[in-house]
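Here the structure is laid out as structure tokens; the discussion comes afterwards.
The values are calculated or read from the model by the stated rules, or taken from the named source; none is laboratory data. The model shown is predicted, which means the values in this text are computed figures rather than measured ones. Positions of Cβ are generated from backbone atoms using ideal geometry, with glycine treated the same way; all protein chains shown enter the neighbour counts. With ligands, DNA and RNA removed, areas are computed over all heavy atoms of the protein, side chains included. Shrake-Rupley method; radii C 1.70, N 1.55, O 1.52, S 1.80 Å.
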Protein chains: 2
Amino acid sequence: MYRRLIRDIPDFPEPGVVFKDITPVLANRAAFTALVDEMAEPFRNAQIDKVAGIEARGFILATPVADVLGAGFVPIRKPGKLPAEVIREDYELEYGTDALEVHRDGIQAGDRVLIVDDVLATGGTAAAASRLVHRLGGDVAGVSVFIELGFLAGRRALDGTPLHSLVVYD
Amino acid sequence: MYRRLIRDIPDFPEPGVVFKDITPVLANRAAFTALVDEMAEPFRNAQIDKVAGIEARGFILATPVADVLGAGFVPIRKPGKLPAEVIREDYELEYGTDALEVHRDGIQAGDRVLIVDDVLATGGTAAAASRLVHRLGGDVAGVSVFIELGFLAGRRALDGTPLHSLVVYD
């Protein structure tokens, strides 16, 4: 159901990249409801305290998953966006580095955290998000993404953290 | 319940502004679940086809509201972020202008659309979002926000569109 709704956008956001546009999936009520349920499914009995979503498309999927799991939501954002005290993790891009931040009081020691994003590519952002959770004493129960770009081997960057993906492109 | 969890951040994002930080509400599972239900409540029987969320904090609230209402989700984003063909609306800021975009195929003629954002301030962004929906032939069934800054009179900018807010600061 999902694959026929995912739209390939060539040369976005930059030349040579084929972007997987999931907005037609989100706009379709049946697909959207199914997507949220399926992303949450393996974690229904995992006693998740917080779902951490990665800015900005990760937010879209993380909050309904949190609502379905009866968990709280914690935003993981690009630097300078969060208003209170944060901790920060840098990560490598193909060219250069980027960084993510989380509020220091967003995660409490012992919290069981599910990390949610739209796409797992090289795994750099998900791994940085995991490090943020660990530094605050949280336990990363898993990573749930809609799309896994299998050819980029991001799964390996997660060091054994359970990864759940609904659509895999090899 | 909500007010004691909303945190005032002075001088964010710029000097002289007191930012209402809702992240402690989102992180609290009971408050978060209640918030989503209450934002959706008046629209449960309104046959909403799409919930349109305004980047980026509007996304956080719009998708669980869409899930609860059994509706699809449409992102309204800052210029250059959406990958497919868009339409654009400019709106006034205190100093200068900003703009919002939506995918041209995000709304179909006749769609009943609920617009969701975190905060209603002057109403400029919500009004611009409404214009985008109208230009695509959609019907704006209402605007649902968590916080209304009543002293900025944003309600007036909505021209009679039903506004639902959970917390009002006068």
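Quick notes on this structure:
- For the stretch A:46-169, a crude dipole built from +1 on the beta carbon of Lys and Arg and -1 on the beta carbon of Asp and Glu, taken about the Cα centre, is about 60 debye to the nearest 20.
- Listed residue (A:P42, A:V74, B:A62) projecting farthest to the positive dipole end of the protein assembly as shown, Cβ model: A:P42
- Cα-centred dipole magnitude for the protein assembly as shown, charges only on beta-carbon of K, R (+1) and D, E (-1), debye, nearest 20: 480
- Three-way shape label, chain B, alpha-carbon gyration tensor, a/c 1.5: oblate
- What you get for the stretch A:1-110, charging only the Cβ of Lys and Arg (+1) and of Asp and Glu (-1), is a dipole of about 420 debye around the Cα centre.
- Rounded to the nearest 500, the 222 nm mean residue ellipticity of the protein assembly as shown from helices alone is -7500 deg cm²/dmol, with -39,500 (n - 2.57) taken per DSSP H run of at least 4 residues.
- Accessible surface of the protein assembly as shown, 1.4 Å probe, proportion on carbon and sulfur as whole %: 49
- For the stretch A:28-96: rounded, prolate or oblate by the Cα gyration tensor [a/c cutoff 1.5]: prolate
- Lysine pair count for the protein assembly as shown with Cα-Cα distance under 24 Å and sequence separation of 8 or more or different chains is 16.
- Selection among B:G53, B:P162, B:L132 by position relative to the dipole of the protein assembly as shown gives B:P162 as farthest towards the positive end (Cβ unit charges, Cα centre).
- Among A:T23, A:T97, A:T33, residue whose mean-square fluctuation peaks in a GNM of chain A (springs only between Cα atoms under 10 Å): A:T97
- Spacing of the modelled spin labels on A:R104 and B:R7, each 7 Å from Cα toward Cβ, amounts to 1.0 nm.
- Summed over both chains, the accessible area lost when A and B associate is about 3000 Å², using a 1.4 Å probe.
- The residues of the stretch B:46-169 expose, per residue, 37 Å² of accessible area to a 1.4 Å probe.
- In the stretch A:74-103, comparing the full protein assembly with the chain on its own, the residues that lose 50 Å² or more of accessible surface at a 1.4 Å probe are A:P83.
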